[in-house]
Amino acid sequence: MADLVTHACLALLAKRGQQVVRPSQPLHLASFVAGSVLPDLLGRLPVDVLTVVQRRVGELPPILLNGWEPFHLPVGMVLTSLGLATLFRVDQRRAVFINLLGGMALHLLFDLLQDHAGAGYLLFYPLSTRPFELGLLGTESTVWWAPALAVLTAFAWRGSLSSLARRAGSRWSGRVH
Amino acid sequence: MNTARLRDAGIVLFCVIALVLLGQGTTRFMLTRPAGLRAALRDPQASDGADLMLLLWHVQTPPQAGIVELSHQGRTVVVHTDALSGGRPDLDVGQVVTVQGTFRADDLSVQARELVVHRYRRVKQALGVVGMIVGLMALPLGFRVAPGGVVERG
């Protein structure tokens with residue numbers, strides 16, 4: 001997996017591109033970006049946390065360490081997007097589902113570029129357990145890009161960022177006075 | 001509860017059950033797959049000399065005389081590093097490494113052929129934490145809860 005900053009920045013840049021190419025199309029930025037980070041938050045973070053817990057309290061049931069993998073697989077991504085989209089207001093569900101799934105697909109696509117010495121991802125699970133990856137990038141190579149990507153993303157979204165800062169500033173000064 | 005809400009609850013329940021079943025399936029696959037360290041330890045004699053990979057394992061003890069102990073999710077294994085092409089690697093406890101090598105049935109260890117040190121794993125994890133904190137802070141900007149369900153802003 002690449003780091004979360006890289007995934008979120010790539011999603012934000014993809015949506016900025018959509019905004020430029022199709023300005024009239026609804027953006028659904030939040031669900032797309034959420035989709036781009038959820039595979040790691042749901043599929044990797046619990047494993048890291050529970051591994052630390054296991055080191056302290058003793059052996060945990062194997063499913064607690066291996067059962068999160070589907071969140072990082074296409075079949076789990078579809079189910080997660082469907083389940084989450086159902087929690088949204090009816091008129092937004094379809095768009096939220098598509099954007100959550102789109103963000104997750106972008107996440108997986110970028111992760112597939114990495115090289116895990118052939119370990120790869122079980123793309124077609126449960127139909128096949130054959131791992132797949134393209135092996136073009138080192139697993140830590142994104143560490144060097146992340147800061148530059150964050151700056152580039154901030155530049156691409158500078159208009160929204162400055163209006164956000166203005167709104168926060170006026171809210172803050174309203175509270176002070 | 002009206003029909004629409006019942007249907008929504010059914011969809012969410014279906015997704016949760018399907019994800020749990022898939023999680024059980026991946027767990028079974030990880031524990032029983034015919035390759036890897038677990039498989040080798042199940043039948044050491046049959047797996048003697050078998051190729052295997054230890055992906056993202058932690059250095060558990062300081063390396064001594066070409067031997068290092070690695071751990072991953074509560075399991076530990078001894079790895080012989082004396083036959084590595086680049087000589088014995090300079091390893092510190094807590095570092096994350098990936099090893100490719102062969103299984104040795106006589107002492108249930110691994111003879112490393114290639115060893116990659118993931119020196120920037122902690123930086124990557126730190127970036128993950130930064131991303132998570134920023135994401136949590138930005139969550140109210142993207143979504144709000146309304147009477148008809150969650151609403152995406154913008």
- Message: Checking B:VAL116 against (1) crowded, with 17+ Cβ neighbours inside 10 Å; (2) outside the structural domain of B:VAL78 (by TED's automatic domain parsing), only one condition comes out false. Which one?
- Response: (2)
- Among (1) at the interface with another protein chain (Cβ under 9 Å from one of its Cβ atoms); (2) modelled with pLDDT under 95; (3) under 26 Å from B:GLN125 (Cα atoms), the one test that A:GLN114 misses: (1)
- Task: Scan the range B:7-38 residue by residue and report those that are touching a Gly at 6+ places or on another chain (Cβ under 8 Å), open to solvent by 40 Å² or more (accessible area, probe 1.4 Å) and at the interface with another protein chain (Cβ under 7 Å from one of its Cβ atoms).
- Result: B:ILE11, B:VAL12, B:VAL16, B:GLN24
- Message: I'd like the full set of residues that are open to solvent by less than 30 Å² (accessible area, probe 1.4 Å) and either touching a residue at least 24 places away in the same chain (Cβ under 8 Å) or more than 22 Å from B:PHE29 (Cα to Cα) (or both), limited to the range A:97-122.
- Response: A:ASN99, A:LEU100, A:GLY102, A:GLY103, A:MET104, A:HIS107, A:LEU108, A:PHE110, A:ASP111, A:GLN114, A:TYR121, A:LEU122
- When restricted to A:GLY169, A:GLY159, A:GLY135, the only residue exposed (fewer than 10 other Cβ atoms within 10 Å of the Cβ), of a type in the set (Gly, Ala, Ser) and more than 18 Å from the chain's Cα centre (by Cα) is A:GLY159
- Kindly check whether there is at least one residue in the range A:4-14 that is surrounded by fewer than 23 Cβ atoms within 10 Å (Cβ to Cβ), in contact with a Pro (Cβ under 7 Å, 6 or more places away or on another chain) and in contact (Cβ under 8 Å) with a residue 60 or more places away in the chain. no
- Can you tell me which residue in the range B:74-99 is farthest from the chain's Cα centre (by Cα), limited to those that are within 25 Å of A:PRO61 (Cα to Cα) and surrounded by fewer than 18 Cβ atoms within 10 Å (Cβ to Cβ)? B:VAL78
- Residues being without any contact (Cβ under 8 Å) to a residue 24 or more places away in the chain and open to solvent by 40 Å² or more (accessible area, probe 1.4 Å): count how many of those fall in the range A:74-83. 2
- Query: Any idea which of A:ARG94, A:ARG55 is modelled with pLDDT of 95 or more, charged (D, E, K, R) and open to solvent by 40 Å² or more (accessible area, probe 1.4 Å)?
  - Reply: A:ARG94
- Item | Which listed residue, of B:LEU136, B:LEU108, is within 30 Å of A:LEU27 (Cβ to Cβ), aliphatic (A, V, I, L, M) and more than 9 Å from chain A (Cβ to nearest Cβ) | B:LEU136
- Task: Take the range A:20-37 and flag every residue that is surrounded by 15 or more Cβ atoms within 10 Å (Cβ to Cβ) and over 13 Å from the mean Cα position of the chain (by Cα).
- Result: A:LEU27, A:HIS28
- Message: Please determine whether any residue of the range B:81-94 is modelled with pLDDT under 90, within 22 Å of A:LEU65 (Cα to Cα) and more than 10 Å from chain A (Cβ to nearest Cβ).
- Response: yes
- Message: Which numbered condition in (1) farther than 22 Å from B:THR27 by Cα; (2) open to solvent by 40 Å² or more (accessible area, probe 1.4 Å) is the only one that A:LEU41 fails?
- Response: (1)
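The values are calculated or read from the model by the stated rules, or taken from the named source; none is laboratory data. Because the structure is a prediction, the values reported are computed rather than measured. As a convention, Cβ positions derive from the backbone with ideal geometry for all residues, glycine included, and neighbour counts pool all protein chains shown. Calculation scope for accessible area: heavy atoms of the full protein, side chains included, ligands and nucleic acids excluded. Shrake-Rupley method; radii C 1.70, N 1.55, O 1.52, S 1.80 Å.
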